[in-house]
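These notes concern the structure reproduced below.
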Amino acid sequence: MSAPPRTTTLAPSPLPRLWLALAALIFASLTLAAHAQEGRQEGKATEKVVRIGYQKYGTLVLLKGRGTLEPKLKALGYRVQWSEFPSGPPLLEALNAGAIDFGSAGETPPIFAQAASDALTYVAHEPAAPKGEAILVPKASPVQSVADLRGKKVALNKGSNVHYLLVRALDQAGLSLSDITPVYLAPADGRAAFERGAVDAWVIWDPFFAAAEAGGNARVLTDGTGLVPNHQFYLSSRDFSARNGPALDAVVAAVAEVDAWAKDSTDAAARELSPSVGIPAPILASALRRRTYGIRPLDAAVTAEQQRIADTFHGLGLVPKAIDIAGAVRKPGS
């Protein structure tokens, strides 16, 4: 009789267990990664942003360069997003459109912005600096007084603070805008037109004013002394102010800190500004010495001065409706 067939029991292969272990490890890794990504997305969703518009010259560009605002806002759960603008009018157009939350401009741009929308609110201001803007003519020009501008081409940035300076200077000389030919140009284009003789006069603010003086071919016909206050305003949107009061207060406090530093460190501030502005530091130092310092909320006197400017532009038909300045001033604690 033959022996029964021998059966062999094979030991289980270790490979399936290995693949299972690897699969479990990969699954765990993917799960952890997914949770981490969710956490990052959640963090991004809860992080808030303060979008600040700035111009190449002024306290805000110093604040950006020094980096002192970011840690203050980070402690409140915010980050900062900076956007550069060539002048006040486009900056405030962006504020009205909801593209930025905070910025600064001279006296006139907020009035034109208010005429277009009720989105903005005045947060703070710098004291009057009438020597920081002027009407310039070439040194060899026969124009010796503002009255001599009758029939002349005058370059200016439409809707900027110098627009009001020109209106006031003409009025004091017995003229109006209809007696001249306004040529509306941004600062860089205004300087080019002035230097090549395409215009007879240029109305401009610092630091472009200081740079033109340093260039050697500009003569001051008049500055703002006795004509205009030339305030600088800090503005926000009403919506941002209402929803983000502590963050807005932190921004204003940081601006005030840099402002106080610049007041006592003119030459250092000029050196920090020079790369962004593209103007040599000694020229910027001259402009900074014409500035005023000490950021503060708007009081009744400043509000009334701004109202006079608004009423003047409305009376001239340059803004289409009456503007209420007091109604747009941020109330304490709001």
Output yes when any residue across region 122-129 is crowded, with 18+ Cβ neighbours inside 10 Å, among the hydroxyl-bearing types (Ser, Thr, Tyr) and in the same structural domain as ALA242 (by TED's automatic domain parsing), and no when none is.
yes
Looking only at region 137-161, which residues are touching a helix residue (DSSP H, G or I) at 6+ places or on another chain (Cβ under 6 Å), more than 29 Å from ALA256 (Cα to Cα) and not in a loop (DSSP other than H, G, I, E, B)?
VAL146, ALA155, LEU156
Being of a type in the set (D, E, K, R) and touching a residue at least 60 places away in the same chain (Cβ under 8 Å) is the filter here, so list the residues in region 78-130 that pass it.
ASP101, GLU107, ASP118, GLU126
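Looking for something more than 18 Å from PRO130 (Cα to Cα) and at pLDDT below 95 - is there at least one such residue anywhere in region 216-234? Walk me through it before giving the result.
As a first pass, look at region 216-234 and keep what is more than 18 Å from PRO130 (Cα to Cα): 216-218.
Next, from what is left, pick out any that are at pLDDT below 95: 216-217.
Looking for residues that are more than 18 Å from PRO130 (Cα to Cα) and at pLDDT below 95, one finds at least one in region 216-234, hence yes.
With the requirement that a residue be of a type in the set (Gly, Ala, Ser) and surrounded by 15 or more Cβ atoms within 10 Å (Cβ to Cβ), what does region 305-334 give you? Steps first, please.
Going residue by residue through region 305-334, those that are of a type in the set (Gly, Ala, Ser) are 310, 315, 317, 322, 326-328, 333-334.
The answer is ALA310, ALA328.
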Tell me whether region 94-101 contains one or more residues that are farther than 19 Å from ALA242 by Cα and out of contact with any Gly (no Cβ under 8 Å at 6 or more places or on another chain).
no
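I want to confirm something. Restricting to region 281-317 and keeping residues that are part of a loop (DSSP other than H, G, I, E, B) and free of Cβ contacts under 8 Å to residues at least 24 places away in the same chain, which single residue is nearest to the chain's Cα centre (by Cα)?
Of the residues in region 281-317, the ones part of a loop (DSSP other than H, G, I, E, B) are 291-295, 297-299, 316-317.
Subsequent filtering for residues that are free of Cβ contacts under 8 Å to residues at least 24 places away in the same chain retains 299, 317.
On the way: ASP299: 22, GLY317: 27 Å.
If we take residues in region 281-317 being part of a loop (DSSP other than H, G, I, E, B) and free of Cβ contacts under 8 Å to residues at least 24 places away in the same chain, then ASP299 is nearest to the chain's Cα centre (by Cα).
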With the checklist (1) modelled with pLDDT under 90; (2) of a type in the set (Lys, Arg); (3) loosely packed, with under 13 Cβ neighbours inside 10 Å in hand, flag the one item LYS56 doesn't pass.
(3)
Which one of these does VAL143 not meet: (1) of a type in the set (A, V, I, L, M); (2) more than 21 Å from ALA218 (Cα to Cα); (3) in contact (Cβ under 8 Å) with a residue 60 or more places away in the chain?
(2)
Strands (runs of 3 or more DSSP E) completely within region 41-108 that count 3 or more residues being among the β-branched types (Val, Ile, Thr) and farther than 30 Å from ARG168 by Cβ
48-54
Taking region 90-119 and keeping residues surrounded by 23 or more Cβ atoms within 10 Å (Cβ to Cβ) and either farther than 23 Å from LEU316 by Cα or among the basic types (Lys, Arg) (or both) leaves LEU91, LEU95, ILE100, ASP101, PHE102, GLY103, SER104
Could you list all residues from region 165-183 that are under 15 Å from GLY317 (Cβ atoms) and among the hydroxyl-bearing types (Ser, Thr, Tyr)?
SER176, SER178
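The values are calculated or read from the model by the stated rules, or taken from the named source; none is laboratory data. Remember, predicted model here, so these are calculated numbers, not experimental data. Cβ coordinates were reconstructed from backbone atoms using ideal geometry, including for glycine residues, and neighbour counts include every protein chain displayed.
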